[in-house]
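Undergrad: Here you go, one structure.
The values are calculated or read from the model by the stated rules, or taken from the named source; none is laboratory data. Bear in mind that the values here come from a model prediction, so they are computed numbers and not experimental data. When we count neighbours, we look across all protein chains shown, and the Cβ atoms used for this are built from the backbone with ideal geometry, even at glycine. Each accessible area value is taken on the protein alone, full model and side chains, heavy atoms only, with ligands, DNA and RNA left out. Shrake-Rupley method; radii C 1.70, N 1.55, O 1.52, S 1.80 Å.
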Amino acid sequence: MAITIKDVAQLAKVAPSTVSRVIANNPRISEKTKVRVRKAMKKLGYHPNFIARSLANQTTRIIGLVLPSSSIEFYQNPFFPTILQGLSEGAQENHYSLLLSTGKTEDEIYNGVVNMVQGGMVDGIILMYSRLNDHILTYLRERGFPFVIIGKPYDFIEELTYVDNDNVLAAEQATDYLIQLGHERIGFIGGDATLVMTLDRLSGFERALKRAGIVPRNEYTLHEDFLHEGGQAAAKRLLSVDEPPTALVVSDDLMALGVVQSLREMGIRTPEEMSIVSFNNVLFSELSLPALTSVDINIFDLGYQAAKGIIQMLQTGDAPAGAIIPHHFVERHSCRSLKQGAMVAMNY
């Protein structure tokens with residue numbers, strides 16, 4: 001004889017509807033009740049039929065993930081597997097699955113999202129980027145379809161649910177660190193210039209320079225793909241200017257690794273002749289030679305909180321406010337002081 005929700009409810013001394021809400025991990029049910037119901041489920045050997053529940057509720061229990069247009073970046077850059085791990089854990093805790101969608105062009109990505117929404121393939125969507133004039137964001141907003149953005153929105157920031165770091169502050173602190181070391185000729189290597197994250201980090205970089213009385217130089221600011229090759233290309237261009245920088249703020253560890261390699265090939269040592277601060281603090285930033293000083297943006301938490309945000313929206317109908325994930329500065333060996341005997345105190 002099959003065990004039913006009614007059997008679980010009877011043993012746990014709750015209503016069958018409460019058991020259903022516990023299975024859905026509804027935040028309105030207390031932890032004490034959830035523990036009691038789950039103990040009853042385990043004792044009876046009850047396993048919920050999520051397919052039947054989805055059909056009855058006209059839901060899929062699937063969240064769509066929309067990746068940026070560069071699929072190469074997704075497969076090569078360790079940022080994405082880490083954020084995907086956070087997304088996956090947040091989804092699995094609430095019995096949701098993930099469906100990846102990407103494309104080689106903006107049109108392919110847009111059409112994929114339209115198919116997911118109009119085909120009823122997903123209950124909600126997480127955009128794994130935030131960029132200027134995004135047609136996908138406009139489409140989802142106009143349809144009233146539930147979505148969360150990883151990254152601060154460029155428009156409608158008070159209306160939309162997002163998860164991000166304070167990228168302006170993080171870049172300002174990274175730049176200030178180099179300034180405290182005595183550097184004045186500081187370059188910035190950013191990613192895609194249409195991404196809000198890139199614009200915020202550039203803003204923080206320029207803010208730190210201006211506060212120190214250093215005039216930003218256009219030839220010191222470059223934008224490349226978040227890839228090893230992007231870092232190599234940027235390094236070669238920066239070294240070709242008449243008066244090269246002595247330090248760099250690089251928006252991604254993988255790019256920074258490409259920079260270090262190109263500098264080495266040109267006979268320029270890091271940090272003796274070029275200091276570097278990068279972002280993300282992925283595993284190889286510690287394993288590179290030299291180990292990279294990097295801003296840890298808590299990539300896993302970005303994904304985990306984005307998954308929690310969309311699930312809360314789906315379960316309660318309420319849109320959570322934007323969430324800022326803390327960052328911290330990890331000091332290693334890719335920077336040197338131009339001041340004799342100077343020590344720099346980091347309080348980030």
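Undergrad: Considering only the range 141-159, how many residues are open to solvent by less than 50 Å² (accessible area, probe 1.4 Å), under 21 Å from Gln315 (Cα atoms) and touching a Leu at 6+ places or on another chain (Cβ under 8 Å)?
TA: Count: 5.
Here is a yes/no grid of residues against (1) among the basic types (Lys, Arg); (2) modelled with pLDDT of 90 or more; (3) open to solvent by less than 10 Å² (accessible area, probe 1.4 Å):
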residue: Ile83; (1), (2), (3): no, yes, yes
residue: Leu87; (1), (2), (3): no, yes, yes
residue: Thr102; (1), (2), (3): no, no, no
residue: Glu106; (1), (2), (3): no, no, no
residue: Val114; (1), (2), (3): no, yes, no
residue: Gln118; (1), (2), (3): no, no, no
residue: Met121; (1), (2), (3): no, no, no
residue: Ile125; (1), (2), (3): no, yes, yes
residue: Tyr139; (1), (2), (3): no, yes, no
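Undergrad: Continuing with this model, one more query. Select the helices (runs of 4 or more DSSP H) contained entirely in the range 58-128, then report the ones holding at least 1 residues which are over 26 Å from Gly258 (Cβ atoms) and in contact with a Gly (Cβ under 6 Å, 6 or more places away or on another chain).
TA: Output list reads 79-92, 106-118.
Undergrad: Right, here's the next one. I'm checking my understanding of the structure. Among residues of the range 254-278 that are without any contact (Cβ under 8 Å) to a residue 24 or more places away in the chain and over 23 Å from Val330 (Cβ atoms), which one is least open to solvent (accessible area, probe 1.4 Å)?
TA: By that ranking, first place goes to Gly267.
Undergrad: While we're looking at this one, here's another question. Of all residues in the range 190-227 being basic (Lys, Arg) and in contact with a Pro (Cβ under 9 Å, 6 or more places away or on another chain), which is least open to solvent (accessible area, probe 1.4 Å)?
TA: Once the filter is applied, the top-ranked residue is Arg217.
Undergrad: Tell me, please, whether a residue that is touching a helix residue (DSSP H, G or I) at 6+ places or on another chain (Cβ under 6 Å) and outside any helix (DSSP H, G or I) can be found in the range 164-183.
TA: No, the range 164-183 has no match at all.
Undergrad: Can you name every residue in the range 306-332 that is in a loop (DSSP other than H, G, I, E, B), open to solvent by less than 30 Å² (accessible area, probe 1.4 Å) and either acidic (Asp, Glu) or at pLDDT below 95 (or both)?
TA: Scanning the range 306-332 gives a single hit, Pro320.
Undergrad: Follow-up question, since we're still on this one. With respect to Ser251, is the statement that it is open to solvent by less than 10 Å² (accessible area, probe 1.4 Å), within 17 Å of Phe205 (Cβ to Cβ) and assigned by the TED database to the domain that holds Arg207 true?
TA: In short, yes.
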